[in-house]
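Contents: one structure, followed by commentary.
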Amino acid sequence: MDDERYETGLANRKAVLGEAHVERSLAGAGAFAGPWQDFVTRTAWHDVWNDEALPWKTRSMIVLTITTTLHREEEFKLHLRPALKNGVTIPELRALLIQCAVYAGVPAANAAFRWVREVLGDEADALAAPGDG
């Protein structure tokens, strides 16, 4: 069962974050952090992301909300492009960040808007629908 959890989790992790990123994480773990990578793969990517109660788009939006709220820049940036791949639109992303400003604070949302610009650059403007705000 643990091998199945790991393999499914690994497949989910690669599908969301990209094979190159995951392979770098695993290769760089070494003996000390190897068990941590196993834990993350089995728990986050199998037990959580494999649960069909929420679609990946929703999970991506939750991750972006939490990482904005907790000011986790690295994790926000890591999950931004995968969120778009999972179906989150630029207008939805903008609305998510504005809602974070109300509930988590303007500085948190301000930082996240900056992170979007750092990761996507002008692509964020190009993906925004004309007249959507």
Legend entry - Evaluation of Trp36 against (1) assigned to a helix (DSSP H, G or I); (2) without any contact (Cβ under 8 Å) to a residue 12 or more places away in the chain; (3) more than 19 Å from Glu19 (Cα to Cα) (one fails), failing number: (3)
Inset, instruction - Could you tell me whether any residue of the range 15-25 is buried (at least 16 other Cβ atoms within 10 Å of the Cβ), closer than 27 Å to Ala112 by Cα and in contact (Cβ under 8 Å) with a residue 24 or more places away in the chain? - result: yes
Legend entry - Candidates Ala108, Ala112, Ala95, Ala126, filtered to the one that is surrounded by fewer than 17 Cβ atoms within 10 Å (Cβ to Cβ), small (Gly, Ala, Ser), part of a helix (DSSP H, G or I) and at pLDDT 95 or above: Ala95
Inset, instruction - For the range 54-73, state whether one or more residues are within 22 Å of His21 (Cα to Cα) and in contact (Cβ under 8 Å) with a residue 60 or more places away in the chain. - result: no
Inset, instruction - Considering each of Ala44, Ala31 in turn, give the residue that is assigned by TED's automatic domain parsing to the domain that holds Thr8, hydrophobic (A, V, I, L, M, F, W, C) and in contact with a Gly (Cβ under 9 Å, 6 or more places away or on another chain). - result: Ala44
Inset, instruction - Provide a single number: the residues in the range 73-91 that are closer than 16 Å to Ala126 by Cβ and not basic (Lys, Arg). - result: 6
Inset, instruction - Would you mention how many residues in the range 1-28 are under 25 Å from Leu84 (Cβ atoms) and either in the same structural domain as Glu75 (by TED's automatic domain parsing) or not in a helix (DSSP H, G or I) (or both)? - result: 1
Inset, instruction - Could you figure out which of (1) among the basic types (Lys, Arg); (2) under 29 Å from Gly9 (Cα atoms); (3) more than 13 Å from the chain's Cα centre (by Cα) isn't true of Lys77? - result: (3)
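The values are calculated or read from the model by the stated rules, or taken from the named source; none is laboratory data. Note that the coordinates shown come from a computational prediction; the quantities given were computed from them, not determined experimentally. Note: ideal-geometry Cβ built from the backbone for every residue, glycine included; neighbour counts use all protein chains shown.
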